[in-house]
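One structure below.
The values are calculated or read from the model by the stated rules, or taken from the named source; none is laboratory data. Here the structure is a predicted model, which means the values were calculated and not measured. We place every Cβ from the backbone using ideal geometry, glycine too, and count neighbours over all the protein chains shown. Side chains are part of the model used for accessible areas, which takes the heavy atoms of the whole protein and leaves out ligands, DNA and RNA. Shrake-Rupley method; radii C 1.70, N 1.55, O 1.52, S 1.80 Å.
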Amino acid sequence: MSASINIALIIGSLRKESINRKFAELMVSQMPDNVSIEEVNIADSPLYNQDFDDTTIDSYERVRKQLKAADAVLIVTPEHNRTMPAALKNVVDIASRPYKENIWTAKKVAVVTASPSTYGARDSGLDLRKSMQMLSAQVMISPEVYLGDATDSLDDEGNVSERTQKYLQNFVDAFVLFAGHPSE
């Protein structure tokens, strides 16, 4: 029996019918039985402000606790104005502070982006990877997933095409190996 792996899932879109949520839900369903997933709610946290570092904010504490407890973090996100969405950037900042309490240090992180556009939210993914690397996270570098023309992978009921399911299963398999491998 493989060791249990705890994954924190962050979905960068706040939309209820987000295509990124649909892809995230598919990937969660593709995870093996030894993987537990806990979604991190990013919608209810006030914008990060250093003045809050000495204050207890329940949503900040919840996010930090969830991320700290995770063996790895899977981030599935769209792109807003050629970068990561504001709510996602807020969570990145919340988990990196207060000073010397950066939860991202040595945390395993994988990034998947999806967009109806041709480029698949690539700029969002690249900016997120850049932030994660600066915060000393261990960012999964291969395979990279940027789902362009992503709505073409969904039918009228929002089901993911078989081709995209297979593609994402390859990513999930690599991610589970990455997440379960001891940190170096």
If amide H atoms are modeled at 1.01 Å from N in the peptide plane, then the residues at a separation of 5 or more from Val35, or on another chain, having amide H under 5 Å from its own are Ile5
By the C-alpha gyration tensor axes a ≥ b ≥ c (rounded if a/c is under 1.5, else prolate when a/b exceeds b/c, else oblate), the shape of region 1-99 is oblate
The helix 122-134 Cα axis meets the longest alpha-carbon principal axis of the chain at an angle in degrees, between 0 and 90 and rounded to 10, of 30
Measuring from the longest principal axis of the C-alpha atoms of the chain, the long axis of helix 58-69 (C-alpha) lies at a number of degrees, nearest 10, equal to 70
Rounded to the nearest 500, the 222 nm mean residue ellipticity computed for the chain from DSSP H runs (n ≥ 4, each -39500 (n - 2.57)) alone is -11500 deg cm²/dmol
Using alpha carbon centers only, region 151-184 is separated from region 72-138 by a whole-angstrom value of 18
Expressed as a percent, the accessible surface of region 1-89 that is carbon or sulfur, using a 1.4 Å probe and the full set of protein chains, is 47
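In square angstrom, what is the accessible area per residue of region 1-103 with a 1.4 angstrom probe?
Ligands and nucleic acids excluded, the result is 53 Å² per residue.
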In region 1-77 the DSSP beta bridges are antiparallel at a rate, in percent to nearest 5, of 0
Simple spin-label estimate for Asp173/Val28, 7 Å along Cα→Cβ, in nm, reads 2.4
Length gained, Lys100-Ser136, 0.36 nm per residue minus C-alpha separation, equals 11.7 nm
